[in-house]
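Everything on this sheet refers to the single structure shown next.
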Amino acid sequence: WISLEMIRWEGWTNAMKMACILAAAFLLDALLGDPHRLPHPVCLIGRMISAGERLARKALQSEFAGGAALAVCVILISGGVPFLLLWLAERLHPWLAAGLQILFCYQILAAKSLRTESMRVFPPLARGDLPLARKYLSWIVGRDTETLDAAGVARAAVETVAENTTDGVVAPLLFMAVGGAPLGFFYKAVNTMDSMIGYHNERYERFGSFAARLDDAANYLPARLSALLMVPAALLCGYDGRNAFRIWRRDRRNHKSPNSAQTESVCAGALHIRLAGDAVYSGVLQKKPFIGDDDRPVEAEDIRRANRLMTVTALLALLLCCGVRLAFWAVWRLF
């Protein structure tokens, strides 16, 4: 028989183990980032989506059914493979399983790569080399960058950092805190599918609608938690936390996506700048509402400020994910 005390002790031990795993993975990401020469699981997920799309379109006449079938298959494989590998590693030795879990969790996080890729835009923009800044920006955004002025380049880079604070850091931490690397890869599969097939255009409007809705659902709570964590992070960075909260309450719904404006509004308020607005995608102008107040022009230094805000938000998210799970089992052990 399994006693209540055994359950409490097992839960506390697992919580301690998961907290250490998340902390180690977070540290590895901060130190190493994404080594481009090594194969990355997210790239494998992307290739699986591309190959699966061709098969789904041939096998099923309904675009929506094909996209939904693809999404389900990708999710099951992306979460199932690491689950099976971790299960096999646990059978061999617990330390092997822990090491593999750290490696997987590290590969799911993207804080350093987000900072590195966005900060690539900063030096040429600061010295006035607009063509090079546009080129680097085009690597991380979906909009057309050829006609953006300096303020437009800086604004787009800041928006990318603010929005991906959820996708690249906070949401993966939350999913991994609940279900380890398998649930983390489940989230990355959903997020990668949305970035590849979740577009509102003729090719993907029907085919990618299931993936897009799934991504909205998966990010619903993480996006709001990211925004709430970003407010105290703004205070810790020396930015205007009070205005960040005010703009969040006012502009958090100023986006087609139910989630994207959550962190963008906090960032805009913290830095006293205006984000979003109309943008051109594949030569087509898309009308978008503004987020934040136009208190001052957006400048290159705001890219650095947004990354500082993202980093502190990520640290708070790590502390929250580890702390809540540990606190739950610590309190239960007392009673």
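Could you tell me which of the residues GLU90, GLU117 is in a helix (DSSP H, G or I), more than 21 Å from the chain's Cα centre (by Cα), more than 17 Å from LEU318 (Cα to Cα) and not aliphatic (A, V, I, L, M)?
Numbers: GLU117 fails: more than 21 Å from the chain's Cα centre (by Cα).
That would be GLU90, the only listed residue that is in a helix (DSSP H, G or I), more than 21 Å from the chain's Cα centre (by Cα), more than 17 Å from LEU318 (Cα to Cα) and not aliphatic (A, V, I, L, M).
Residues in region 257-284 that are over 15 Å from ASN164 (Cα atoms), surrounded by fewer than 24 Cβ atoms within 10 Å (Cβ to Cβ) and either touching a Pro at 6+ places or on another chain (Cβ under 6 Å) or touching a residue at least 12 places away in the same chain (Cβ under 8 Å) (or both): HIS272, ARG274, GLY277, ALA279, VAL280, TYR281, SER282, GLY283. Hey, does region 60-68 have a residue that's surrounded by fewer than 16 Cβ atoms within 10 Å (Cβ to Cβ) and in a helix (DSSP H, G or I)? Yes: one or more hits. Considering (1) charged (D, E, K, R); (2) under 12 Å from the mean Cα position of the chain (by Cα); (3) farther than 30 Å from ARG57 by Cα, the lone condition that LYS188 does not fulfil carries the number (3). Taken over region 173-221, residues that are of a type in the set (Asp, Glu) and touching a helix residue (DSSP H, G or I) at 6+ places or on another chain (Cβ under 6 Å) amount to 2.
Since every read-out is calculated from the coordinates, none of them should be taken as a lab result. Worth saying up front: this structure is predicted, and the values here are computed from it rather than measured. Every residue, glycine as well, gets a Cβ built from its backbone with ideal geometry; the counts of neighbours run over all protein chains shown.
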